[in-house]
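Q: Can you keep this structure in mind? I'll have questions shortly.
The values are calculated or read from the model by the stated rules, or taken from the named source; none is laboratory data. Keep in mind it's a predicted model, so treat the numbers as computed, not measured. All Cβ positions, glycine included, derive from the backbone under ideal geometry; neighbour counts span all protein chains shown. Accessible surface is based on the protein model in full, side chains and every heavy atom, while ligands, DNA and RNA are left aside. Shrake-Rupley method; radii C 1.70, N 1.55, O 1.52, S 1.80 Å.
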Amino acid sequence: MNPKYEAAFKPFTFRSGVEIKNRITMAPMTNTAAHENGEVSDKEVAYYQERAGGVGAVITACTYVTRNGKGFPGEFGADSDSLIPSLRRVATAIQEKGSKAILQFFHGGRICPPEELLDRQPIAPSAVAAERDDAVVPREMTADEIDEIIKAFGEATRRAIEAGYDGVEIHGANTYLIQQFFSPHSNRRTDKWGGTLEKRISFPLAVVDAVKKAVSDHATKPFIIGYRLSPEERENPGITMEETLQLVDKLADQELDYLHISVGGFWNGSIRDDNDQTSRVVMIHERVGDRVPVMGVGMLRTPDEVMKAFETGVPLIALGRELIMEPQWVQKVQAGEEDKIRTTLSKKDQKELAISDKMWEYYTGIPGWLPIV
């Protein structure tokens, strides 16, 4: 291995005590390959097996904690004890290759496609539709429903523990339910769950508490708890960076293992103000990085680009599309073969890379997301 890359391959120990062998993780990415009943498919397991081993940890695609939170076709579930064997298949596939397995979970809220829901009715903090094409008006959640979903995050954590995972990632990003409670656009409530910034933060913190309690009650060994967040929203009213810095201050007090910053590019500035080009990942690291490790992600294609990101002091980097194209990205860098890293995809690569037809269709349908030749 080229000595200039060695810093990325030093072990990292989380607050919980879990150690990963290097500082590169696989980012959570939608697979759309599960069965309708929420069980993982053989193709999905093969996809994880192909990409585990090099990275220190694999963060799975998001799983729903309640059936009315399913956000994608082909998404696997964590909402029932009957799915623990399914969850275990993914954890085992990852761990057998030598990486830690982290289960990401969420509730889609108002973003859930009606056709994926049993009653075809998305729910959300308030009856306010998202500002996107074909968005439907969600039904405002009752206080009891809010309590039930908070408990569901705790129950999904228990299932992850019983399925053998090394940790969980709370998906509070990408406009899904946890972010919807934090957002002044989607949360217009006037009860204890909405109104002031402090009240809008209360749901994310309640979810964190439920997850932490489940770990305390059920884990018999160190267990990772991460939290993913999106720094800003384009909508007005919408989440601002000033509000997010207050959120991460609160999260940094929760003794989490890491904060994962969901952005399109590691170096991207504000999506609200074109004149503000300061990296949101770096801003959050500078704010709370001395209290909670920050994980950066986004458009870091080459080993040199990854090392430049590490130079900011951010201790963990997640790779997404890079590992779709090149499952052996880490191994090739370690072997001094970075010049052999695949940087484009063609249809003939699909089978070799264990990409299901549905996943291929999903990602190639996003203009420019993958460099297809």
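Q: Highest mean first, what order results for 138-146, 270-278, 156-164, 73-81 on Cβ atoms within 10 Å?
A: The peptides rank, most packed first, as 156-164, 73-81, 138-146, 270-278.
Q: In addition: Please report the antiparallel percentage of DSSP beta bridges with both residues in the chain, rounded to the nearest 5.
A: 5 percent
Q: Sorted from largest down, what three extents in whole angstroms do the Cα atoms of the range 192-257 have along their principal axes?
A: Largest first, the range 192-257 extends 45, 23, 17 Å along its Cα principal axes.
Q: Let me ask another. Per residue and in Å³, how big is the convex hull formed by the alpha-carbon atoms of the range 261-306?
A: That works out to 82 Å³ per residue.
Q: Could you tell me which of rounded, prolate or oblate describes the range 226-319, using a ≥ b ≥ c as the square roots of the eigenvalues of the alpha-carbon gyration tensor, with rounded for a/c under 1.5 and, failing that, prolate when a/b is larger than b/c and oblate otherwise?
A: Oblate, because a/c is 1.5 or more while a/b does not exceed b/c.
Q: What does the convex hull of the Cα atoms of the chain come to per residue, in Å³, rounded to a whole number?
A: 130 Å³
Q: Just to confirm a number: summing +1 for Lys and Arg and -1 for Asp and Glu over residues other than residue 238 whose beta-carbon lies under 10 angstrom from that of residue 238, what do you get?
A: Around residue 238, the charge tally is -3.
Q: What GluC sites (Glu not before Pro) does the range 10-43 have in DSSP loop regions with at most 11 other beta carbons within 10 Å?
A: Listed in order of number, the matching sites are 36.
Q: In percent, how large is the relative contact order of the range 154-277, given Cα pairs closer than 8 Å and 6 or more residues apart?
A: Result for the range 154-277 is 28 percent.
Q: Considering only protein heavy atoms and a 1.4 Å probe, what is the carbon-and-sulfur percentage of the accessible area of the chain?
A: Carbon with sulfur: 47 percent of the solvent-accessible area.
Q: Ignoring ligands, DNA and RNA, what accessible area per residue does the chain give at 1.4 Å, in Å²?
A: Here the per-residue accessible area is 40 Å².
Q: Quote the convex hull volume per residue of the range 95-188, based on C-alpha atoms, as a whole number of Å³.
A: 124 Å³
Q: On a C-alpha basis, how far is the centre of the range 110-134 from the centre of the range 333-373 in Å? Whole number, if you could?
A: When both Cα centres are located, 31 Å separates them.
Q: Okay, next question. With every atom except the alpha carbons ignored, what do you get for Rg and Dmax of the range 253-373, in angstroms?
A: Taking only Cα atoms of the range 253-373, I get Rg and Dmax of 16.3, 48 Å.
Q: Let me see the pair-distance distribution of the range 139-204: every alpha carbon pair, 10 Å bin width, integer percents in order.
A: So the P(r) values, bin by bin, are 20, 47, 25, 8, 0.
Q: Test of the criteria: in the range 288-373, which GluC sites (Glu not before Pro) are in a DSSP loop and have at most 10 other Cβ atoms within 10 angstrom of their Cβ?
A: Loop-located and lightly packed - 311, 352.
Q: So, one more: In whole Å, how far is the Cα centre of the range 270-325 from that of the range 159-205?
A: 22 Å
Q: So what's the gap between the Cα centers of the range 243-264 and the range 31-52, to the nearest angstrom?
A: For the range 243-264 versus the range 31-52, the Cα centre distance is 29 Å.
Q: Separate question: Sorted by mean Cβ packing within 10 Å, highest first, what order do the peptides 58-69, 244-255, 285-296 take?
A: With the highest mean Cβ count within 10 Å placed first, the list reads 58-69, 285-296, 244-255.
Q: Just flag the chymotrypsin sites (Phe, Trp or Tyr not before Pro) in the range 285-373 sitting in loop per DSSP whose Cβ has no more than 15 other Cβ atoms within 10 Å.
A: 369
Q: Run through all the Cα pairs of the range 19-166 and give the fraction in each 5 Å bin from 0, expressed as whole percent.
A: All Cα pairs considered, the percentages come to 2, 10, 19, 21, 18, 13, 9, 6, 2, 0.
Q: Can you give the Rg/Rh ratio of the range 40-100, where Rg is from the C-alpha atoms and Rh is the Kirkwood radius?
A: Answer for the range 40-100: 0.98.
Q: Listed highest first by mean packing, meaning other Cβ atoms within 10 Å per residue, what order do 199-206, 126-133 come in?
A: The packing order, highest mean first, is 199-206, 126-133.
Q: Could you work out the helix-only [θ] at 222 nm for the chain, with each DSSP H run of four or more residues adding -39,500 (n - 2.57) and the total divided by the number of residues, to the nearest 500 deg cm²/dmol?
A: So the helix-based figure for the chain works out to -9500 deg cm²/dmol.
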